[in-house]
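What follows is a set of notes on a single structure, which appears directly below.
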Amino acid sequence: MKFLPKVSPRGVVAVAAALAATTGLVGQSVSSGQSASTAGAQVAATGLQQQLDALLADARFQGSQVGLVVRDATTGETLYDRDGSTRLLPASNTKLFSSTAAMDTLGPSYRFHTDVLATAPVRGGKLRGDLYLKGYGDPTALEGDYVALAKQVAKSGVRRIDGDLVADDTYFDHVRLGDSWAWDDEPFYYNAQISALTLAPNTDYDSGTAIVESRPGTKAGAPVGLKLVPANGVIKLVSTAKTGAAGSANTLSIERDHGTNVVRVSGSVPLGASVGTEWVTVWEPEVYAADVFRRALAAQGVRVDGRIKVAATPVASARRLARDESMTVGELMNPFLKLSNNMHAETLVKAMGAVAEASGTWPAGLGVVTDYAQSVGVDTSAIRLSDGSGLSRKVNVTADSVTDLLIAAQKEPWFQQWYDALPIAGNPDRFVGGTLRSRMAGTPAANNLHGKTGSLTGVTALSGYVSTADGRKLVFSMISNNYLTTPRPVEDAVGITLASWSDAAPPAAISPSTSRSATNTPDTEWTKDR
């Protein structure tokens, strides 16, 4: 077992006991035989507990739930515990479980791949049968990767396929969306379908999506110009959008019809507006990937006579004509965790099932995630994992379980790469600060606190690592549920308090921000920035 156990207090003096009884705090004993410095540390610890207690007394928590656990990252000692064993909905803090399991199970050097295969002979440049495009789950495949595959096919001497182009995504099952994912989120980029054969339109690697670019016409009343990125024949744009007068409101709406690849565009774009971009999810992304590949083949002078169809490759008799490999899983951690990419989480879960259990399914993959968490000391009987990203509202974890995982991860050989991939508070670089880049800036937590955010309507969470002013490294997990006004400013105040804390000179109490921008922050970390 890799578990580093929590250090429980062996005794508590009367004052500390009374405080703990009323606040739910955990303190250390101060006996008559302890040194003055040890007693001073106890006073400081009690002061930290009092400051955290005051923050959690915020009115935003009335009628809601919050769990907060703070522990010493080295010893596992619990410094603060408010409802740490209470099951709560963690949103994207779920990714802490899926990402660590992926680093352990697949390994940081694991690469996804995509193959082009054939079973028929090639005579005179003609493949006398079908061409197979088989995916193995790569969530980072771009249009350029399919172009590279097409070049390899052309280099092999194939100039014509007299059969079909077969899209094979059977490495994963055909369950596209996670357990209890909301139907009304389906058109949006953070809720894309999971397939073993897919495509991302950008270097955020938003797999299973395409981008719709919009441009105003040359005069008011003219149709809005639209462009798909990448170009494809799968998505059908149906537009009634018009160009509005200069300075008018931008009311453009772009949304895919459920169960189809019809994307309806309506509303108005003001004259002179800059190019707009909107991500849309694709229904059955394996066909989308095959369509982009077919276009790439044509550009390389390779003609496909047949149609695109979906089927399994007869692997036993197939020979490989081309292969594309992804970045490593260790490298994938950066866009995955910095930008909280849901599709990466779910792809990793299914890949773990395929690799460890020969079953590319959510149940198999989540079983692997649960087994890893249990192996490092998490009490998995007290939690429930229903997906890898936290989109599911059936996921329940505890602040205790998260801190157990964070402490155990430090002992892993891949820890540093994973730790560096966590968002870093207050760092404005998008691929450094990630979802924390605009939070806690200009405070002791900036470029100090490494943490994972989590957001759904009525849910916010922040868990990670932070060093105090004394250089003591802490782990913490704060999960809030069922509030009406976001307590995210309180999360930030907790992070700043921990980063500011000094046993020698405790800082003044930190107050949560009451600015309009802080209190009105939308409960989502998936608002796409351009």
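The values are calculated or read from the model by the stated rules, or taken from the named source; none is laboratory data. On a predicted model such as this, the values are computed, not experimentally measured, just so you know. We place every Cβ from the backbone using ideal geometry, glycine too, and count neighbours over all the protein chains shown.
Going through the range 263-277 one residue at a time, which ones are in contact (Cβ under 8 Å) with a residue 60 or more places away in the chain, surrounded by fewer than 17 Cβ atoms within 10 Å (Cβ to Cβ) and not polar (S, T, N, Q)? Working first, answer last.
So the first thing to find is which residues in the range 263-277 are in contact (Cβ under 8 Å) with a residue 60 or more places away in the chain, and the list is 275-277.
Those still in the list that are surrounded by fewer than 17 Cβ atoms within 10 Å (Cβ to Cβ) too: 275, 277.
Passing the criteria: only Val275.
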Quiz prompt | Top-ranked residue of the range 363-413 - restricted to ones that are within 18 Å of Ser340 (Cα to Cα) and charged (D, E, K, R), ranked as surrounded by the most Cβ atoms within 10 Å (Cβ to Cβ) | solution = Asp387
Quiz prompt | Candidates Glu357, Glu346, filtered to the one that is closer than 16 Å to Tyr189 by Cα and not assigned by TED's automatic domain parsing to the domain that holds Ala231 | solution = Glu346
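Condition check: in a loop (DSSP other than H, G, I, E, B) and at pLDDT below 95. Does Ser29 satisfy that?
Numbers: in a loop (DSSP other than H, G, I, E, B): yes; at pLDDT below 95: yes.
Yes.
Scan Pro223, Pro216 and give me the residue that is of a type outside the set (Val, Ile, Thr) and exposed (fewer than 15 other Cβ atoms within 10 Å of the Cβ).
Numbers: Pro216 fails: exposed (fewer than 15 other Cβ atoms within 10 Å of the Cβ).
Every option except Pro223 fails the conditions.
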Quiz item: Of all residues in the range 226-262 being within 30 Å of Phe431 (Cα to Cα) and of a type in the set (D, E, K, R), which is surrounded by the fewest Cβ atoms within 10 Å (Cβ to Cβ)?
Solution: Lys227
Quiz prompt | Number of positions in the range 112-136 that are surrounded by fewer than 17 Cβ atoms within 10 Å (Cβ to Cβ) and either within 28 Å of Ala356 (Cα to Cα) or touching a Cys at 6+ places or on another chain (Cβ under 7 Å) (or both) | solution = 1
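In the list Gly433, Gly451, Gly442, Gly426, which residue meets the criterion of being modelled with pLDDT of 95 or more, more than 27 Å from Ala505 (Cβ to Cβ) and either surrounded by fewer than 17 Cβ atoms within 10 Å (Cβ to Cβ) or not charged (D, E, K, R) (or both)? Walk me through how you get there before you give the answer.
Working: Gly451 fails: more than 27 Å from Ala505 (Cβ to Cβ); Gly442 fails: more than 27 Å from Ala505 (Cβ to Cβ); Gly426 fails: more than 27 Å from Ala505 (Cβ to Cβ).
Only one candidate passes the filter, namely Gly433.
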Exercise. Output the qualifying pairs, or none if there are none: Cβ atoms under 8 angstrom, residues six or more apart or on different chains, first residue in the range 160-187 and loosely packed, with under 15 Cβ neighbours inside 10 Å, second residue of a type in the set (Lys, Arg).
Key: Ser180/Arg393; Ser180/Lys394
Quiz item: Can you pull out the residues in the range 342-393 that are under 20 Å from Leu406 (Cβ atoms), small (Gly, Ala, Ser) and over 16 Å from the mean Cα position of the chain (by Cα)?
Solution: Ala373, Ser375, Gly377, Ser381, Ala382
Exercise. Counting only residues that are out of contact with any helix residue (DSSP H, G or I) (no Cβ under 9 Å at 6 or more places or on another chain), closer than 30 Å to Gly471 by Cα and among the β-branched types (Val, Ile, Thr), give me the helices (runs of 4 or more DSSP H) lying completely in the range 357-453 with at least 2 of them.
Key: 399-409
